[in-house]
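Heads up: the structure comes next, in structure tokens.
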Amino acid sequence: MAHAALHRLRQVLSNVVALQEEFASSATHHHPDDIGYDREFALREALAQHFPEAVLLHRPSIADEESDKGYGMPDIAFASREVQPHRVLRNGRLYIDPRAVHCTVEVKSTLDGKELKSALAEVSRAQGAFRRRVGEDHFEFREAGSPLPYFPTQGGVFAFRSKLKLSTIAERVTEWTRGRPPELWPRFVTVLDRGHIMWCDRETGGARPWPAADSVLMMWEHRPPETDPTDPLVAMITQLDWMAQAWHVPGTWPGLRPLRLPHGLRVGIPVRPDGVPAPPDAKCEHLCANCHEFGRMTFDAQLRQDEAPTV
């Protein structure tokens, strides 16, 4: 068991190094799209190691199989093996139905205000897709508005670099969400050289896998590996791991079983907005990854609070 945990630790940290090396090596490409393609694929490969039960697709087109309505072409999509792509063109272009898409990730090389706004628009486009049912099981998910008969698609943003501070990114995301329902809000923003941002409960300060109307943004500071083995990629994988417990194709259950990160691998120091308290029962100052001391309730309790699922 200890050997397996050590292997997983080395694997995660090697993914960080690989992404940093890919960022440097791909900069020699002459065409901007080649640069973006290689960097997106590098992140896809890193995430695929942790989610062996999911199908990770690179630049698929999301389109409703019956209406043919499109919902964008995300850089990376976590898809289910239970629903096959409904159309593959001779040039290799892939169309997949929204019911098969669990989560999407928009990948940016250097995140600025314009790129952030563009990425948030793409994330919300995929999250706004109606997910048709493939089974008879009844399910109800509620975030803020009317209950949905399916667990909605989720999404976030990953960037290698940013000219913006984490606090500035959090402010820009908050501004973008005004007037939009929480179902369309991004679940996270991760910047490899800065940190990871997600939502927390305004009253308790506990982290949330997905936002609600009363959520506010929190963040983790990135500490250099030589002083503390933390990295924003670890925080991102930890949140995806948490979210993946609920991913399922509409009409089916249960969700995915991702590989667990080893105990003691830290995701960084949480920084909460002014006036938001730290959880009184927090046992780990640095929020250890996947050790169930993530500054949160258990997943079942979180679902009960969100009034989902109901059968």
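Quick notes
- Segment 79-134, subset out of contact with any helix residue (DSSP H, G or I) (no Cβ under 9 Å at 6 or more places or on another chain) and acidic (D, E), residue nearest to A170 (Cα to Cα): D112
- Apart from one condition, S162 fits all of (1) of a type outside the set (F, W, Y); (2) touching a residue at least 40 places away in the same chain (Cβ under 8 Å); (3) out of contact with any Lys or Arg (no Cβ under 6 Å at 6 or more places or on another chain); the exception is (3).
- Of all residues in segment 102-129, exactly one satisfies the criterion of being small (G, A, S), under 14 Å from the mean Cα position of the chain (by Cα) and closer than 18 Å to H196 by Cβ, namely A119.
- Applying the condition of being under 15 Å from the mean Cα position of the chain (by Cα) and in contact (Cβ under 8 Å) with a residue 60 or more places away in the chain to segment 38-48 and asking which residue is surrounded by the most Cβ atoms within 10 Å (Cβ to Cβ) yields L43.
- Filter result (open to solvent by less than 50 Å² (accessible area, probe 1.4 Å), in contact with a strand residue (DSSP E or B) (Cβ under 7 Å, 6 or more places away or on another chain) and either of a type in the set (K, R) or at pLDDT below 85 (or both)) within segment 234-264: G264
- Residue match in segment 145-156 (condition: small (G, A, S) and at pLDDT 95 or above): yes
- All strands (runs of 3 or more DSSP E) inside segment 54-167 with 1 or more residues being open to solvent by 10 Å² or more (accessible area, probe 1.4 Å): 55-58, 94-96, 101-111, 154-162
The values are calculated or read from the model by the stated rules, or taken from the named source; none is laboratory data. Quick caveat, the model's predicted, so the values are computed rather than measured. When we count neighbours, we look across all protein chains shown, and the Cβ atoms used for this are built from the backbone with ideal geometry, even at glycine. Protein only, heavy atoms only, side chains kept; ligands, DNA and RNA dropped before computing areas. Shrake-Rupley method; radii C 1.70, N 1.55, O 1.52, S 1.80 Å.
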